Every structure is written in structure tokens, then in C-alpha cells.
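Below is one structure, written out as C-alpha cells, with a few remarks after it.
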Amino acid sequence: MEVNGQLALTVLMGVFLIAVAAWLARVEDWRSYTPLAGGGTVGGTAEQYVSEEKPSGVIRWLTTVDHKDIGMLYGAYALIAFAVGGLMVVLMRIELADPSMTLISNTFYNSLLTSHGITMLFLFGTPIIAAFSNYFIPLLIGADDMAFPRINAIAFWLLPPAALLIWAGFFPIPDVIPAQTAWTMYTPLSAGVGSGNQVNAGVDLMLLGLHLSGVSATMGAINFIATIFTERDEKVSWANLDIFSWTILTQSGLILFAFPLLGSAIAMLLLDRNFGTMFFSVDGGAILWQHLFWFFGHPEVYILVLPPMGIVSLVLPRFAGRRLFGFKFVVYSTLAIGVLSFGVWAHHMFATGIDPRLRASFMAVSLAIAIPSAVKTFNWITTMWNGKIRLTTPMLFCIGFVSNFIIGGVTGVFLASIPVDLVLHDTYYVVGHFHYIVMGAIAFAGFAGLYYWFPIYTGRMYQVTLGKWHFWLSMVGTNLTFFAMILLGYGGMPRRYATYLPQFATLHQVATVGALILLVGQIIFVWNFAQSWLEGREVEDGDPWDLADDDLTTAEWTWFERKLETAVTDGGEDETELATDGGQAVDDADADSADDA
Amino acid sequence: MDEAPGLSDQYRTASPWPVFIALGIPISELGLLFDLFPLAVGGLLLFGGSVVGILKESGYVTSTIRAVTALAVIFLAFGAWLAFTDIALVTRGYAVIAAAILLAVGGVVFELFVREQRQTF
Amino acid sequence: MATKTFDKDTILDLTVNMVPLAIILFFVVAFTFVNPFGFESLTSGLQYTLLIAPFVLLAALTYLSGKAIAGSEKEGTVYAPGQATVPGAKPLHEEEGEEAAELEESPDDDTVEAADETA
Ligand code: HEM
Ligand SMILES: [Cu+2]
């Protein structure tokens, strides 16, 4: 048995490697007789050959190092993860519609809970941000591409294996069950100690996947820092840098300090689980894990929220008919949040019995960090004040963002106060707090971006009415679900349980209804997105939002305008379509397909 | 800068290596963690080969064989560290050493046969 | 006189980060006077480090970024953020320079400089 297994694996691996080698040989050959179409540039660069072209079809997407294509890949990936994580939670919410265990087992509930959290944070949140930053940062700062296009591609391609590993427990693999550690992976549970089933390899697989996604995020962050520092157009000085780039720069700095720490903590946990080390099982080991985890974990929440704030700061003024009020306030408070987010981590550990003097300091910094967040909120509101508001779908999502962020932020400030936290910790109040931000704000900003830039990356317009439906269902659903959770928390309902006392039933049912409303909204979104992409009205105007009327055009739209112009002068209809699908110059695409054949 | 749109396409916008680097890492990690010899060796080969490929392609190294040798030496050291020190993860160490040797052999074969052929194109 | 990087406008912009700095400072002082848990060198040392480290880092980053931004405002043309490469975008300097000249009655060094630049 054992030997047979090894043999089978060896054969499989061998065949796979040979297939890879053969495929590479073909691709390399194809490249070696690629005509040196670049002409003049050949002499100028150190590169041995310049292939202006991309192959066509699937191979193009597998081999691309173009920042726009990689942005599209990130986006597709993130939306798939969003669907997976969303369906997981729909199942959980249905289970919670009545107090006892009915639809799914408690252990399966725990597995879904764990996977939902990790999927949404690491496989949806970070990648959807990377989708926008990859596509638009180079355009916004006037760079030709990212500083390291190949590293950019590697960073993306680490993510699909990461997802497979994280979800591996759900696949029908013998003897592997999904992790039930929750996304915080507290030891000793996650170290496999005790009578539970968390020694299972499913936890190891999930840890490996998480580790990979961290490596990916770190590579991306290095790339963005290098790009924003070195690849800016000479006209784009620090004073001219747009707000989205500022938030991505700050976010990348946070990633650079936070993710390697998570990586090390995960490596230590894997060693504990598999090689008999004792990092987290000695005295104080459990609290050590919490410190390491939250030193990463709190910056992580700002890693997720800063770029969405950047998107809102960029998009909201365009539909308020004026520039962002107090632009520099927003920039400096972004940086302040970046620094302070490393000084608040133990506000997640107020209830662990750490020294009260330390708790006091963490509380102080947590209160201080609320200021820059509030400053931004005031700036958004003041930008809209007396503005020429146009309630387009992206604008609605921006306003929804501000509204939800206020509730999420205020509940956060309350949690940062030690006495309040000792009452509310580990209740649904906390779940309500952070979902107002992760769903109500981060996902909303993602949608704002997806709608705002839809014409750029598809060449078409979405269906406006469906967009509005999507917004209103999301807004109502979010507030219904998560406000009910805040109330549940006041009532003392603890989080992370598949069953509950009957007295909580009504509010749980409200939350479930809210979740179902959200589901309907997202189905409309998927339909609108897919159908408009394929059949929507083609955009012929490089300024579909009429930004020029208020002198609010930003660089990515002028890039788009020029792209449309060249597409028109180059030829007919078909080619416009080709161009829309990835934003490459049209004639190249044609040459490619000829080449590949 | 008033360049034509899509100038970024003048970079070489395609490279076959990133996917395989990204696949090599998890495969070798799985192999080493769960002590699955073939996965460890295969993953490391995939990873090492692709790293050399991408370095060569982007002009960071000029000689394939030297890059391969350097990587093989690193693998060898890592494998020896696993197998022959107190850590005593013997089978995993052997897997890394095997990958180092295969990588070196592969490099030599490429240097002697494949590269020559290519140049006659 | 060397051009002042931190002119009035820049300092006004930076006040936004002085508020959290002030809050942290407030707690440093408060914890010195109100100290119900007693003093113990390791823990109390950590307690103050946890306040002072973020304070210093935030002050440093604010200073550096203020310098970078204000410095590049002095050196190059300033456009609305994200619009520098937009064809036909108007530099901001002109508008702001005019406003400043109108608003500030007493022509101190700063306005003279600003006026010079726009001229
Ligand atoms: C206004 C600033 C904020 C403050 C003062 C704050 C404060 C807190 C506190 C004290 C907790 C711990 C509650 C407990 O477990 O007892 C908490 C939990 C949490 N917060 Fe916030 N928060 C803020 C903003 C944010 C933002 C922007 C995000 C997301 C992007 C976020 C995401 C979370 C998450 C995910 C948790 C739960 C972690 C867990 O236990 O699983 N918070 N917040
Ligand atoms: Cu936190």
C-alpha cells in the first residue's frame, strides 16, 4: 500500500514535470521565432528579444506579465472567492434561522466559519484591492508597468494554489477534514492539543495556504513600493500623487511589516504540529500566539480598509462635482493610521488577563487611531456638502461606504474602551462591528470601483437599473444583518456558535433575512456584471462620467480616451472588442493569434 | 509623457515562468511537510528550474549552468542541514539533496544538448 | 533666507496628525499622575514604550512626508492629485497663489515668495 502510493506519486510527478518541460519547450520555440517586431527598441534595451505580443487564448492569461491583465486575473479570482465565501455564510445563516442544530452539524458549521473568514479576508479582500491597484496604479502615476512585472505575475499565481489548500478540507480527500480553528487559529486548539480533531492534516493544509497567500501579498507589496517610488512620471511628484496611490503605498508598507510576522508565526505553528517543537505549548505559549497573531491581525484590518478608503476618496469627489475637501488631511491621516495600527494590537486581548498597565496603553493608542479615521469621514462628508451630487451606482456605493463606516468605526471606538470591551468581547457585537467595516465598507468600495471603472476594463457600460437594485439590496441587507448582530451582542449572544438559546431567535432570524437579501443583491450583481460585459452598450466616449465638465478627469481616463482613439483609427468594430478584453493595443492581438497558430 | 496608449505592451508582456514558480513552491512545501519524497523532489525541481528560467529570461544571469549550479549548491546545503544535523529530518533531507543532484544534472544536460540545438535555429 | 519648507499652509495640513499625537501625550502624562496599579519597572517601562514608540514614529513619518510633499510643491508644478499627466490640466499654483495674495493683507515673506513663483 505504502510503497504503491509512493510509486504512483512518483509517476504522477514525473509525468507532470515532463509535460511542463515539453510545454515550456514549445512556448520557448514559439518565442524564438517571434519576429522582432519592436524594431527600434531592440538595440536600446538589454533584453535579447522584444516580443511586443501576447499569445492568445488561455496561454495569454497563463503567461501574461502585463499589469492590466494581472489586475483582471486578481479581480476574477477575488470575485470567485467572494462567491465561495458568500455561499458558505448563506448556509451558516440558514442554519442559524432556528436555535437548535438542524441543517448542518456543529462541526461543519465550525468548518464553514473558519473558511468563510479566511476566504473573505485573504482570498477576496486582499485580491480585490490588488485588482484595482495592479490595473490602475501604473496608469495613475504614468508608469509603463509595475517595477517588477514578473514578480507581479508570480504573486498572483501563488493565490490559486493557496485557495485550493485553504479549501482542501472540503474536498473529498480521504482522511482530510476542514479546519475548525476560526480565522484567528488560537493555540492550543490549532496546535492540535487535546481531544479534538484539530490534529488533522486539513489544518496543516490551511496553514500552508495561508502562508502562501502571505508570500503573495508580500511580493505584491514590495512591487508597489518600488513602483510608486521609482516609476512615477516626472510630472507626478509627491505633491501630485493621487489618493489611491497614497493608500496603496501605505498599505504596502503595512503588509511589509505585518505579513512576514504572520508567516513566521504560521511556520512556528506548523513546526509545533508536525515536528514536536514547543513554541506555543510552553507556559505563556497561548498568549504568545495571540500577540504574534494580532500584531499582524490588527494591521491586517487596516491593510484591508485603507485602499478602499482611497477608492472612495478618489471616486466620491468625481460625483460631487468638486475636488476632495482637505486632500492633504486625508493623505496625512492615511499615514497616521499606517503607523498607529501597529500600536493597538492588544485591544483584541483585553480579556486575556494581560497586565492592566499594558491594556491601558493599548486603549490609549486605539483611541488615538480613531481620529484619523474620523478626519477622513468628515472630509468625505464635507466634499459632498453643497456639492453637485450625482447619484450614480458607484456614488451610491461610496455614500453607503461612508454611512456604514461610521457605524463600524463608532462601535470600534466603544470596543477600544476596556470596560466596555470586557462586557462585549466575544459577543455578536464584535461580529457586527467588523462586518459593518468589512462588508459595509470594504466590499462596498470594491463595488464602487468595479462600477466606476467598468467602462475602462470592459469597454462597455453596465445596466444602470440593475446597479441600483444591487446597491439598495446590499445596503438594506447589510444593515439588517449586522445591526441585528450588534443588538444580539448587547443581549449577550456569544459569537462562533451553531446553536443558541431561544431568546435570541428573533434577532437571528432578522440577520438571516438580511443575509438572504444580500444574496439576492449579489445574484443581480453577477448577472449585471456578466451580461453587461458580454452585451452591454459599448462605450465610445473616453469620458463616460463627464468628468471633464468639472475638471476632474484623472490619468486613467485619459489613458482610456487615447486607447479608444487609437482603436478607432486602427480599424473596425471587431478590433475594438478585442481591445476591450484586456486593454492591449489592438493590432498586437491580431498578430498574436496568427503567431500562435 | 505623451506616449501612445498601451506602451506598456512594449514590455515583453508574456513569460511562461511565473506560473511554474508559483506551483513549485506549494508542491515542494507539501512534499517536505508531509514527507512525500516525490512531491518534494518534483516541486523543488519545478521551482528551481523555473527560477533559473526567469532569471535567464530577464537577464539577471547570463549563464544558465552557473545559475543552476548556484541553486543546486543552496539546495544541497539545505538538504544536508536537514539530514545530517541534530534536526535529523533524514528522509526530507535526502529529498532536497536528490532535487539538488537532479537539478545539477538537468542543468548539464541542458547546457550540453538543448542549448546548442536552440542556437542553430 | 532659505526657503522655509514648513510654511503656514503645510503646518496647518500637519495639524491633522498632531491631534493623535496630543492624545497619546495626554495619556503619557495621565498615566504618570493616575497610576492605580503601581510602578514596576518592566511592565511600567513597557507601558510607556507602547505610547512613546508610536508617538515618535508618527512624529517622524509626519515630518518626513510633510517635507517630501511640501518640498516637491516648491520644486515642481502642482496639479490636482492624479491629474498631472492629464492633457490641458491647469496647475493649481495659479489659483492658490491668487487667493493667498488676496487673503493676506500684510505682505510678509511668504506671500512675496509665492507671488514670485507664480510670476
Ligand atoms: C476606528 C477604529 C477601530 C477601532 C478602535 C477598533 C476596535 C476594535 C476592537 C477593540 C476590537 C476587539 C473586540 C473584541 O474582540 O473584544 C475589534 C475587533 C475587530 N475589528 Fe475593529 N476597530 C476599528 C476599526 C476596524 C477596521 C477598520 C476594521 C476592518 C477593516 C476592523 C476589523 C475588526 C475585526 C476583524 C475584529 C474582530 C477580530 C476577531 O476577534 O475576530 N476594525 N475592533
Ligand atoms: Cu484591531
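Side notes on the structure shown:
- Residue among B:89, B:30, B:71 that is at pLDDT 90 or above and under 30 Å from residue A:4 (Cβ atoms): B:30
- For residue C:70, the criteria (1) surrounded by 20 or more Cβ atoms within 10 Å (Cβ to Cβ); (2) touching a Gly at 6+ places or on another chain (Cβ under 8 Å); (3) more than 7 Å from chain A (Cβ to nearest Cβ) hold in every case but one, which is (2).
- Scan of the range A:88-115 for residues that are open to solvent by 30 Å² or more (accessible area, probe 1.4 Å) and within 26 Å of the chain's Cα centre (by Cα), ordered by number: A:89, A:91, A:94, A:108, A:110, A:113
- Where a residue in the range A:289-301 is within 13 Å of chain C (Cβ to nearest Cβ) and closer than 14 Å to residue A:369 by Cβ and its partner, wherever it lies, is β-branched (Val, Ile, Thr) and near ligand 1 (Cβ under 10 Å from one of its atoms), with Cβ under 8 Å and at least six apart: A:298/A:344
- Residue in the range A:249-259 that is open to solvent by 50 Å² or more (accessible area, probe 1.4 Å), in the same structural domain as residue A:392 (by TED's automatic domain parsing) and within 25 Å of residue A:118 (Cα to Cα) present: yes
Yes/no per residue for (1) within 16 Å of ligand 1 (Cβ to nearest atom); (2) at the interface with chain B (Cβ under 8 Å from one of its Cβ atoms); (3) touching a Phe, Trp or Tyr at 6+ places or on another chain (Cβ under 9 Å); (4) within 30 Å of residue B:15 (Cβ to Cβ):
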| position | (1), (2), (3), (4) |
| --- | --- |
| A:138 | no, yes, no, yes |
| A:147 | no, no, yes, yes |
| A:162 | no, yes, yes, yes |
| A:171 | no, no, no, no |
| A:179 | yes, no, no, no |
| A:191 | no, no, yes, no |
| A:198 | no, no, no, no |
| A:215 | no, yes, yes, yes |
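- Options A:478, A:465: the member that is open to solvent by 30 Å² or more (accessible area, probe 1.4 Å) and part of a helix (DSSP H, G or I): A:465
- Taken over the range A:348-395, the residue count meeting the criterion of being away from ligand 1 (no atom under 11 Å from the Cβ) and facing another protein chain (nearest Cβ under 8 Å) is 8.
- Residue match in the range A:275-290 (condition: of a type in the set (A, V, I, L, M), under 16 Å from the mean Cα position of the chain (by Cα) and within 16 Å of ligand 1 (Cβ to nearest atom)): no
- Some residue of the range A:407-418 being within 16 Å of ligand 2 (Cβ to nearest atom) and in contact with a strand residue (DSSP E or B) (Cβ under 7 Å, 6 or more places away or on another chain): no
- Any hit, the range A:327-339, residues being in contact with a helix residue (DSSP H, G or I) (Cβ under 9 Å, 6 or more places away or on another chain), open to solvent by less than 10 Å² (accessible area, probe 1.4 Å) and farther than 30 Å from residue C:46 by Cβ: yes
Residues are listed down the side, and each one gets a yes or a no for (1) part of a helix (DSSP H, G or I); (2) within 8 Å of another protein chain (Cβ to nearest Cβ); (3) open to solvent by less than 50 Å² (accessible area, probe 1.4 Å):
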site: C:37; (1), (2), (3): no, yes, no
site: C:43; (1), (2), (3): yes, yes, yes
site: C:51; (1), (2), (3): yes, yes, yes
site: C:56; (1), (2), (3): yes, no, no
site: C:60; (1), (2), (3): yes, no, yes
site: C:63; (1), (2), (3): yes, no, no
site: C:74; (1), (2), (3): yes, no, no
site: C:77; (1), (2), (3): no, yes, no
site: C:80; (1), (2), (3): no, yes, yes
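- Residue identified as surrounded by 19 or more Cβ atoms within 10 Å (Cβ to Cβ) and either within 14 Å of the chain's Cα centre (by Cα) or on the phi > 0 side of the Ramachandran plot (or both) among B:79, B:53, B:93, B:59: B:53
- Top-ranked residue of the range A:188-220 - restricted to ones that are at negative phi and not in a helix (DSSP H, G or I), ranked as least open to solvent (accessible area, probe 1.4 Å): A:198
Let's see how each residue does on (1) farther than 21 Å from residue C:58 by Cα; (2) assigned to a helix (DSSP H, G or I):
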residue	(1), (2)
A:222	yes, yes
A:229	no, yes
A:245	no, yes
A:258	no, yes
A:273	yes, yes
A:283	yes, no
A:291	yes, yes
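- Residue count for the range B:56-75 under the criterion of being assigned to a helix (DSSP H, G or I) and facing chain A (nearest Cβ under 10 Å): the result is 2.
- The range A:309-326: number of residues that are of a type in the set (A, V, I, L, M) and either open to solvent by 10 Å² or more (accessible area, probe 1.4 Å) or at positive phi (or both): 1
- Against the criterion of being within 16 Å of ligand 2 (Cβ to nearest atom), among the hydrophobic types (A, V, I, L, M, F, W, C) and open to solvent by less than 40 Å² (accessible area, probe 1.4 Å), residue A:349 qualifies.
- Scan of the range A:317-347 for residues that are away from ligand 1 (no atom under 16 Å from the Cβ) and either acidic (Asp, Glu) or more than 7 Å from every other protein chain (Cβ to nearest Cβ) (or both), ordered by number: A:317, A:318, A:319, A:320, A:321, A:322, A:324, A:325, A:326, A:331
- Subset of the range A:520-563 (residues that are surrounded by 17 or more Cβ atoms within 10 Å (Cβ to Cβ), more than 14 Å from chain C (Cβ to nearest Cβ) and of a type in the set (A, V, I, L, M)): A:524, A:539
- Subset of the range A:415-459 (residues that are open to solvent by 20 Å² or more (accessible area, probe 1.4 Å) and either hydroxyl-bearing (Ser, Thr, Tyr) or not in a helix (DSSP H, G or I) (or both)): A:417, A:425, A:426
- Flag if residue B:47 is at pLDDT 90 or above, open to solvent by 30 Å² or more (accessible area, probe 1.4 Å) and more than 7 Å from chain A (Cβ to nearest Cβ): yes
The values are calculated or read from the model by the stated rules, or taken from the named source; none is laboratory data. Being a predicted model, the structure only gives us computed values, none of them experimental. Virtual Cβ from ideal backbone geometry, glycine too; neighbours counted across all protein chains shown. When the accessible area is computed, the model is the full protein with side chains, heavy atoms only, and any ligands, DNA or RNA have been set aside. Shrake-Rupley method; radii C 1.70, N 1.55, O 1.52, S 1.80 Å.
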